[in-house]
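Quick notes on the structure that follows.
The values are calculated or read from the model by the stated rules, or taken from the named source; none is laboratory data. Treat the numbers as computed from the prediction; the structure is a model and nothing was measured. Every residue, glycine among them, receives a Cβ derived from its backbone with ideal geometry; neighbour counts consider all protein chains shown. Accessible surface is based on the protein model in full, side chains and every heavy atom, while ligands, DNA and RNA are left aside. Shrake-Rupley method; radii C 1.70, N 1.55, O 1.52, S 1.80 Å.
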Amino acid sequence: MRRALCNAAGVATIALLVGCGGLREDPILQYSSAEALEEGKRLLAESKYRQARPFLSHAFEIEPNSASGREGLLLAADSMFLDGGQENFVKAESRYRDFVNRFPTSEHAAYAQFQIGLSLSRRVAKADRDQSVTVKALDALTDVERFYPGSTYAQQAAEQITLLNGRQAEHDYLVGRFYGRFRVPLASMRRFENILETYPDYEGTDKVLLALCQLHFTAKDELNLAKASTYCRRLKNEFPESPLVRKIPKSLPLDLEVPVEDEAPDDSARQPADTGL
């Protein structure tokens, strides 16, 4: 009985697929590259990203080196990017990379490279998570500035880089706070100092200065008090409107100076290993 039902189901399925002329073909296969491109563009303009994608992919697949094929590849990537979602961003990045690799001298190569960076940017993790995707996004956007400096996308890449650097700085700040909570002050200081040196435009610079001030103030010795004074003085002078100014230790003189010979002591032998968080 079960075998009879299975056979009946199989026959029904075949009946659906077989017409008078045999097995039905995907109707998209009947389109030329140019025709598929136009249909895909029409659907894309209507925000029908998933419906447009097969047509755009077909335009590329049957004539990969034609003008319509190249545009089809790029627009197929756009359909994935615009559709959104982690999986689509991964696929879009792959398509954009394929375009850049195949057509590096195309007038649209700068755009494709920029979109690689954006596709990665849409996948970056929160600041308290691993930032490996952020690093890849920064690399991709830096390549826009390096390989296409005269393009309209170079400035847009620079703006995205600023945003991602802020994410990296925030990550370092959270790691520094983590070390501070577990009483590993030197590792904490190293993270905060790296932020000041590497990300001078970080919006949270005031809280980094306060954190360094408080860490050095806790040590109480003459050198650390001088460093605490330096950081808190910067906080007060550079961010006078910041509410964090009120958290400067009241008992800390702000006119102490760090001796020149002690400005950059070598603490490497005493610093704990960085876990890479």
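Annotation: of all residues in the stretch 39-61 being of a type in the set (Asp, Glu) and closer than 14 Å to ASP26 by Cβ, the one that is surrounded by the fewest Cβ atoms within 10 Å (Cβ to Cβ) is GLU61. Looking at the stretch 230-258 only, could you name the residues that are under 16 Å from LEU215 (Cβ atoms), within 33 Å of the chain's Cα centre (by Cα) and not aromatic (Phe, Trp, Tyr)? Those that are under 16 Å from LEU215 (Cβ atoms), within 33 Å of the chain's Cα centre (by Cα) and not aromatic (Phe, Trp, Tyr): CYS232, ARG234, LEU235, LEU244.
Cβ separations smaller than 8 Å between residues 6+ apart or across chains give the following pairs from the stretch 184-195 residues that are closer than 17 Å to GLU170 by Cβ to residues that are acidic (Asp, Glu) and crowded, with 19+ Cβ neighbours inside 10 Å: ARG191/ASP172; PHE192/ASP172; ASN194/ASP172; ILE195/ASP172. PRO64 meets all of the listed conditions (1) part of a helix (DSSP H, G or I); (2) open to solvent by 20 Å² or more (accessible area, probe 1.4 Å); (3) closer than 30 Å to GLY150 by Cβ; (4) touching a helix residue (DSSP H, G or I) at 6+ places or on another chain (Cβ under 8 Å) but one, namely (1). Of all residues in the stretch 216-235, those that are among the β-branched types (Val, Ile, Thr) have Cβ atoms under 9 Å from Cβ atoms of residues that are open to solvent by less than 40 Å² (accessible area, probe 1.4 Å), 6 or more apart or on another chain, in THR218/ASN224; THR218/ALA228; THR230/LEU212; THR230/CYS213; THR230/HIS216; THR230/VAL258. Residues satisfying the criterion are present in the stretch 87-106 (criterion: part of a loop (DSSP other than H, G, I, E, B), modelled with pLDDT of 95 or more, closer than 30 Å to ALA59 by Cβ and touching a helix residue (DSSP H, G or I) at 6+ places or on another chain (Cβ under 8 Å)).
Among ARG234, ARG246, which is the only one that is loosely packed, with under 13 Cβ neighbours inside 10 Å and assigned to a helix (DSSP H, G or I)?
Every option except ARG246 fails the conditions.
The condition (being out of contact with any Lys or Arg (no Cβ under 8 Å at 6 or more places or on another chain), surrounded by 20 or more Cβ atoms within 10 Å (Cβ to Cβ) and β-branched (Val, Ile, Thr)) is satisfied by just one residue among THR198, THR205: THR205. Summed over the stretch 92-124, the residues that are open to solvent by less than 30 Å² (accessible area, probe 1.4 Å), more than 15 Å from ARG70 (Cβ to Cβ) and without any contact (Cβ under 8 Å) to a residue 24 or more places away in the chain give a count of 0.
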